[in-house]
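Notes for the one structure printed next.
The values are calculated or read from the model by the stated rules, or taken from the named source; none is laboratory data. Since we're looking at a predicted model, the values are computed, not measured. Counting neighbours? That spans all protein chains shown, and the Cβs are built from the backbone with ideal geometry, glycine included. In case anyone asks, the SASA skips ligands and DNA or RNA and just uses the protein heavy atoms, side chains included. Shrake-Rupley method; radii C 1.70, N 1.55, O 1.52, S 1.80 Å.
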Amino acid sequence: MEAIKIMLVDDEPIIRKALKMELNSAEATIAFGMNDDGEVEQREVRVLDTFANAAQLMAALDSPVPHEMPDYLLVDMEFQGEPTGGIFIADRVHKKYPDIRIAILSGRFDNPLPDESNRHEKMMEIARVVFESLHHGAQAFVSKNAAGGFSVENVLRAIECLERGEKYYFNYPVMLTLKEAAELYVDHAATMHTDLTISDKDQQLLLLEAAGCTAAEIADNLNETDKNIQERQKELSHKLNIVNKSGARIAKAIQYGLIDPQNIKYLKR
């Protein structure tokens, strides 16, 4: 059976060398399925090439010379100091070569948070990064590490799951992080400013603003002066603890449940 072909992009030479060496070893296989005799069929995994950056990778993929294309692309999430640089590489490859399956590699999930400071924000940021990677074409989010250090088993397990037809794969540290982030989000949403209230007129102001009305148009609708509307917009921004910007007011009002998006009647221009 034909080998599963892989390309790797990582700016750390030691990671590129280690992954290529281990995946190209005789032991690097995945369980593909059962044959008619009830025996587990194995498929070899082979690294075609490794690259230090996106330019090298795209030059290889776009080469007019006939060459083997990978079944999978492994991309490090953090590139040259950019925390999510690998996600943009994934997006570029996915748009141009949608048949290549993409796994994001990261060591971000392997260590617990050092303390409770900004814990909620940190957890939500991690969850956001994972879902952003899926939005940009990744199908797996894989930890670089395992107990005791670097392990190629995490990569093989991800490929094995995707080859079985599963749409997404997250290894254990990532699953725990997402679970905790989801729980924090639910708890946060349930308790978030439940005591914050606004007047019916302020609610109408926000609905009109969300519909695309200018301050003058809102004033006409609410029988107030343009100046009064602008002052009330500033007061709402202060109450919501945000900068005095229309988009921020609308987003925060929806987030807090102060206005229902279904009640917004958009203007026809």
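Cβ-Cβ distances below 8 Å connect the following pairs, each with a first residue in segment 201-225 that is more than 19 Å from K252 (Cα to Cα), a second residue that is open to solvent by 50 Å² or more (accessible area, probe 1.4 Å), and a separation of six or more residues or different chains: A216/D226; A219/T225; A219/D226; A219/N228; N221/Q204; L222/K201; L222/Q204.
Within segment 237-250, being among the basic types (K, R), surrounded by 14 or more Cβ atoms within 10 Å (Cβ to Cβ) and either farther than 15 Å from D195 by Cα or in contact (Cβ under 8 Å) with a residue 60 or more places away in the chain (or both) holds for one residue alone: R249.
Rundown of residues vs (1) at pLDDT 80 or above; (2) over 26 Å from E22 (Cα atoms), yes/no style:
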{"position": "G107", "(1), (2)": "no, no"}
{"position": "A127", "(1), (2)": "no, yes"}
{"position": "F131", "(1), (2)": "yes, yes"}
{"position": "L134", "(1), (2)": "yes, yes"}
{"position": "Q139", "(1), (2)": "yes, no"}
{"position": "A146", "(1), (2)": "no, no"}
{"position": "S151", "(1), (2)": "no, no"}
{"position": "R157", "(1), (2)": "yes, no"}
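Contact map, segment 22-34: first residue polar (S, T, N, Q), second residue part of a strand (DSSP E or B) and at pLDDT 75 or above, Cβ cut-off under 7 Å, separation 6 or more or different chains; pairs are N24/R46; N24/V47; T29/Q42; T29/R43; T29/E44; T29/V45. Scanning segment 46-60 for residues that are open to solvent by less than 50 Å² (accessible area, probe 1.4 Å) and either among the basic types (K, R) or touching a residue at least 40 places away in the same chain (Cβ under 8 Å) (or both) turns up V47, L48, T50, F51, A52, N53, A54, L57, A60. Would you confirm whether or not segment 251-258 contains a residue that is more than 13 Å from L207 (Cα to Cα), surrounded by fewer than 11 Cβ atoms within 10 Å (Cβ to Cβ) and not small (G, A, S)? Checked segment 251-258: no residue is more than 13 Å from L207 (Cα to Cα), surrounded by fewer than 11 Cβ atoms within 10 Å (Cβ to Cβ) and not small (G, A, S). The residue that is surrounded by the most Cβ atoms within 10 Å (Cβ to Cβ), among those in segment 63-83 that are under 29 Å from C161 (Cβ atoms) and over 22 Å from the mean Cα position of the chain (by Cα), is P70.
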